[in-house]
2 protein chains.
Amino acid sequence: MATILIVDDEQDIRELIAMNLQREAYDVLEAADGLEAVAIAKKELPDLILLDLMLPEKDGYGVFQDLKANKKTQPIAIIMLTARGKLDERIMGLSLGADDYVCKPFSPKELMLRIKNVLSRVQTHPAGAITQNGDFKLDKNELKFYLCGEEIDLTITEFKLLVVLIESADTVQERGDLLRRIWGYNDMIQTRTLDTHIKRLREKLGSHGNRIETLRSVGYQFNSSDSSN
Amino acid sequence: MATILIVDDEQDIRELIAMNLQREAYDVLEAADGLEAVAIAKKELPDLILLDLMLPEKDGYGVFQDLKANKKTQPIAIIMLTARGKLDERIMGLSLGADDYVCKPFSPKELMLRIKNVLSRVQTHPAGAITQNGDFKLDKNELKFYLCGEEIDLTITEFKLLVVLIESADTVQERGDLLRRIWGYNDMIQTRTLDTHIKRLREKLGSHGNRIETLRSVGYQFNSSDSSN
DNA sequence: GAGACTTGTCACAAATGTGTCACATTAAAT
DNA sequence: ATTTAATGTGACACATTTGTGACAAGTCTC
């Protein structure tokens, strides 16, 4: 669904938020200080960052500016968290480009609502949401997939799965990662859901179904070039 | 790039918005009341107007009507800024030509996204008040819709819904977007209103009703070519 | 004020998507 | 070659989403 990075030095807070997010099927990352936050953000490119302003090592504003200065991390949505709730600070955060601002102490419910709100705005129109590769075209704005010019009807789950596979084409996606990213299963629950969906995807891809390769005991991988030729 | 006129009586708000716009390289104009707004709009012909509805001298509705009545200013895109809460009837009636709504209080980032969205839409879809496509004709001035030459009676809500669907024909319109653009619901409120109106529209479109396609758990889409043949 | 519209909500029906299971098949390990 | 574990596959039940008709509140017209 969406990946969210929680940046806060208090572990209790992180866990509280993480629990709530996971229950709503988000993929959760955590960072305890500013430097770690920037490092993880650059590596994982989450969809949204919950950023506490009071941080050791590098404070929230510094993190913010770093992220906005970097082309890769620049489009990531950011919700500011802070203990202080002054108006000028709010304006400061927002005018810096933050997507929203939540004051501590906050109710998890409120935070969830803000998160959903921000994601629904940001997520649907990311630039460069179209992946093309000769045979196929994946349009994340339109939520459509074309194979050899023809549109292929996919359900939401199938689409999400295909997005993940194609966006890291030629790279193994581990079962656990897929389950976490698409279904939000955090523990490696014993489930055959993934297999079933892979099967359905292959079916819909027809003759190109074999592009989804099985890496036994590891996961699946989408091959950008058709190896069967 | 693009010129944007901000119409709001509160200077703080204007400045906050202006700052954000300038950072993204837009040309910014400002007006503090309705009369000034109309004057500047006519003279400068901005690409987009951010229009607060509560204004001294001449309120937002008046400004809106003036602008839409004037041939020169008529094609300017308009984003309404409204107080949170239910949209009253006047808005419903007039909102037909507005390109989007944003409810106060809003975050600048959100506003920026909406602005980009509207501008890109307007550019790709030169805002002709009449849309034709063989079978059907949509007249936004007269608020009339013709199907195969025959006029079809639509209520204002149905008409607005159809406008949005047809103007982005062959494109999925997500439930949330539709609810926001037609009803002004900012949060993805749980409601069946949309479904009901879709049903009514399909009914009135008769044999062409199936052109409104359901994309399960995503939204609806109007198909410009009749796929049932 | 009566009557015709319009519109949002509700309850229920229909349609569709999704996860699990049992069993078949395949690949790896010994 | 045999065993073992992982994956493929079709069927099925359940959950979710959408379609639909009815209704009540609110508007508008006359």
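Every read-out reported here was derived from the displayed coordinates using simple, explicitly stated rules and does not represent laboratory data. Keep in mind it's a predicted model, so treat the numbers as computed, not measured. Note: ideal-geometry Cβ built from the backbone for every residue, glycine included; neighbour counts use all protein chains shown.
General remarks:
- Counting beta carbons within 10 Å around each of A:F222, A:F136 and listing the fewest first gives the order A:F136, A:F222.
- Label-point separation, A:K58 to B:E44 (7 Å along Cα→Cβ), nm: 3.8 nm
- Nearest-first distances (nm) between copies at B:L45, label 7 Å from Cα via Cβ: 4.1
- Label point at A:L215 placed 7 Å out along Cα→Cβ; residues across segment A:7-50 whose backbone nitrogen lies under 18 Å: A:44
- Modelled this way, with points 7 Å down the Cα-to-C-beta line, the labels at B:E15 and B:K137 are 5.3 nm from one another.
- In nanometers and ordered shortest first, the copy-to-copy spacing of the B:T3 label point, defined 7 Å from Cα toward Cβ, is 4.4.
- Counting only residues at least eight positions apart within a chain, or on another chain, the lysines with an alpha carbon under 27 Å from that of A:K204 are A:K137, A:K140, A:K144, A:K160.
- Trypsin sites (Lys or Arg not before Pro) restricted to segment A:130-229 and DSSP loop, no more than 14 other C-beta within 10 Å: A:R192, A:R216
- Excluding same-chain neighbours fewer than eight residues apart, the aspartates and glutamates reachable from B:K42 by a Cα-Cα span under 18 Å are B:D8, B:D27, B:E30, B:D33, B:D52, B:E57, B:D59, B:D66.
- Neighbour counting of Cβ atoms within 10 Å sorts the residues A:D177, A:D33, fewest neighbours leading, into A:D177, A:D33.
- Other copies of A:C148: label-to-label distances in nm, shortest first, labels 7 Å along the beta-carbon direction: 3.6
- Sequence of A:D99, A:D12 once ranked by neighbouring C-beta atoms within 10 Å, starting from the fewest: A:D12, A:D99
- Three-way shape call for segment A:130-222 based on the alpha-carbon gyration tensor, with the a/c threshold at 1.5: prolate
- J(HN,Hα) series, segment B:208-213, from Karplus relation 6.51 cos²θ - 1.76 cosθ + 1.60, nearest Hz, glycine and proline x: 8, x, 6, 6, 8, 9
- Here the gap between B:Q74 and B:R200, fully extended at 0.36 nm per residue and compared with their Cα-Cα distance, gives a gain of 42.3 nm.
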